[in-house]
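The values are calculated or read from the model by the stated rules, or taken from the named source; none is laboratory data. Computed from a predicted structure; not experimentally measured. Don't worry about glycine lacking a Cβ; one is built from the backbone with ideal geometry, like all the others, and counts go over all protein chains shown.
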Amino acid sequence: MNRTLQDLLELLNLEALEDNMFRGQSRDLGGKSVFGGQVIGQALVAASRTVDDALPHSLHAYFLRPGDMALPIVYNVHRIRDGRSFTARSVHAIQHGQPILSMIASFQKSEDGAEHQVEMPNVPPPEALRPMQELMAEWLQSRPDLPQRAQEQLLRTVAIEFRPVQPRNPLMPEKREPRQSIWFRAAGHLPDVPILHRCVLAYATDFYLLSTALLPHALPFIEGKGALASIDHAIWFHRDLRFDDWLLYHMDSPSASGARGLSRGLIFDRSGRLVASVAQENLMRA
């Protein structure tokens with residue numbers, strides 16, 4: 001297994017402090033604060049530890065404060081409802097005695113029903129595309145003036161593999177339509193535990209979604225010229241999935257205003273099944 005993926009699984013394996021209370025650690029991915037996907041993934045793990053015989057079908061989270069990478073995060077779970085089919089949990093991620101994230105997650109026992117979905121976009125398969133890390137190393141050759149920390153951030157090995165359908169050099173931004181597609185998967189085999197695949201996917205959905213709202217504006221945020229932050233994040237899990245095989249993340253941004261951008265994502269597996277949907281509003285203050 002990829003070492004960074006093993007490290008991510010260790011991050012998601014929260015320490016139980018007492019009933020409904022868990023503790024997790026953080027990793028520095030090169031940003032100014034804890035990566036939002038990490039907090040969402042850990043919060044979903046904490047909620048799932050209090051639920052039996054059901055999988056999450058949706059979560060809605062608000063990022064309230066930046067997370068401190070030097071400190072652990074405590075997750076308090078409130079058992080809102082235990083129903084026959086649906087179970088609800090609220091989770092607060094706490095640092096310095098204050099919440100940095102508030103989330104509600106809903107779980108459902110397996111159930112049959114009517115089905116329909118939109119069609120998967122017609123894009124090249126991941127095997128025909130170049131890895132993001134390879135592209136980034138090439139793009140960096142044209143920017144030797146970039147600060148060392150920024151270069152390290154862009155070349156950092158993460159637990160998720162990415163292959164963009166429409167590669168875009170963030171170091172030389174150009175105005176584009178607010179939509180992009182990228183194949184992604186865990187960088188190695190995952191255990192056959194359905195909740196784990198959903199938690200790792202939740203972690204990964206915070207990559208590249210925010211940047212979709214930046215595409216029409218060609219703003220050089222990668223160099224620290226401005227403020228970027230996730231405000232909220234929502235995920236709906238539609239069907240069973242495996243995140244150790246390629247999934248297509250198809251994203252668009254229907255609106256930006258008031259220094260906020262809205263981005264949406266549809267996630268398909270190789271066979272064209274829609275397995276999840278995502279939405280996020282972010283701060284994009286130039």
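Look at the range 1-46 and say how many of its residues are in a loop (DSSP other than H, G, I, E, B), closer than 23 Å to LEU154 by Cα and among the aliphatic types (A, V, I, L, M). Even if it seems obvious, please write down each step before you answer.
So in the range 1-46, the residues in a loop (DSSP other than H, G, I, E, B) come out as 1-2, 13-14, 19-20, 25-35.
Among the residues that remain, those that are also closer than 23 Å to LEU154 by Cα are: 1-2, 25-35.
Adding the requirement that they be among the aliphatic types (A, V, I, L, M) leaves 1, 29, 34.
Residues flagged as in a loop (DSSP other than H, G, I, E, B), closer than 23 Å to LEU154 by Cα and among the aliphatic types (A, V, I, L, M) within the range 1-46 amount to 3.
Among the residues of the range 133-162, how many are touching a residue at least 40 places away in the same chain (Cβ under 8 Å) and either under 19 Å from the mean Cα position of the chain (by Cα) or in a helix (DSSP H, G or I) (or both)?
11
Restricting to the range 249-280, count the residues that are in a strand (DSSP E or B), farther than 14 Å from PHE184 by Cα, more than 13 Å from the chain's Cα centre (by Cα) and not basic (Lys, Arg).
Step one: list which residues in the range 249-280 are in a strand (DSSP E or B), which gives 249-257, 260-269, 274-280.
Subset that is farther than 14 Å from PHE184 by Cα: 252-257, 260-264, 274, 277-280.
Remaining after also requiring more than 13 Å from the chain's Cα centre (by Cα): 252-257, 260-262, 274.
Now drop any that are not not basic (Lys, Arg), which leaves 252-257, 261-262, 274.
Result for the range 249-280: 9.
Pairs under 7 Å by beta carbon, first residue of a type in the set (A, V, I, L, M) in the range 232-243, partner surrounded by fewer than 18 Cβ atoms within 10 Å (Cβ to Cβ), six or more apart or different chains?
ALA234/HIS60; ALA234/ALA279; ILE235/SER58
Quick check on my filter: what residues within the range 139-196 are modelled with pLDDT of 95 or more, among the hydrophobic types (A, V, I, L, M, F, W, C) and more than 27 Å from VAL123 (Cα to Cα)?
VAL193, ILE195, LEU196 - these are the residues of the range 139-196 that are modelled with pLDDT of 95 or more, among the hydrophobic types (A, V, I, L, M, F, W, C) and more than 27 Å from VAL123 (Cα to Cα).
Can you confirm whether the range 113-128 contains a residue that is closer than 28 Å to ARG3 by Cβ and either touching a residue at least 60 places away in the same chain (Cβ under 8 Å) or part of a loop (DSSP other than H, G, I, E, B) (or both)?
yes
Can you pull out the residues in the range 161-189 that are crowded, with 21+ Cβ neighbours inside 10 Å and aliphatic (A, V, I, L, M)?
ILE182, ALA186
Find all pairs meeting these conditions: Cβ atoms under 6 angstrom apart; at least six residues apart or on different chains; first residue within the range 192-219 and at negative phi and assigned to a loop (DSSP other than H, G, I, E, B); second residue of a type in the set (Phe, Trp, Tyr) and surrounded by fewer than 22 Cβ atoms within 10 Å (Cβ to Cβ).
none
Among the residues of the range 259-279 satisfying the criterion of being of a type in the set (S, T, N, Q) and within 16 Å of TRP236 (Cα to Cα), which is surrounded by the fewest Cβ atoms within 10 Å (Cβ to Cβ)?
Start the filter on the range 259-279 by keeping residues that are of a type in the set (S, T, N, Q), which leaves 263, 271, 277.
The next check asks that each one be within 16 Å of TRP236 (Cα to Cα); those that pass are 263, 277.
Details: SER263: 28, SER277: 18.
That would be SER277.
Do we find that HIS197 is surrounded by 20 or more Cβ atoms within 10 Å (Cβ to Cβ) and more than 24 Å from SER253 (Cα to Cα) in this structure?
Numbers: surrounded by 20 or more Cβ atoms within 10 Å (Cβ to Cβ): yes; more than 24 Å from SER253 (Cα to Cα): yes.
In short, yes.
Any residue in the range 11-37 that is of a type in the set (Phe, Trp, Tyr) sitting within a Cβ distance under 7 Å of a residue that is modelled with pLDDT of 95 or more and assigned to a loop (DSSP other than H, G, I, E, B)? List the pairs, counting only those 6 or more apart or interchain.
Note: pairs meeting the criteria are PHE22/LEU14; PHE22/ARG49; PHE35/ASP206.
Quick check on the range 220-248: of everything there that is of a type in the set (Gly, Ala, Ser) and not in a strand (DSSP E or B), which residue is modelled with the highest pLDDT? Can you show your working first?
To start, the set of residues in the range 220-248 that are of a type in the set (Gly, Ala, Ser) comprises 224, 226-227, 229-230, 234.
If we keep only those that are not in a strand (DSSP E or B) too, we end up with 224, 226.
Values: GLY224: 58, GLY226: 71.
My answer is GLY226.
All but one of (1) buried (at least 19 other Cβ atoms within 10 Å of the Cβ); (2) modelled with pLDDT of 95 or more; (3) under 16 Å from GLN180 (Cβ atoms) hold for PRO254; state the number of the condition that does not hold.
It fails just one condition, (1).
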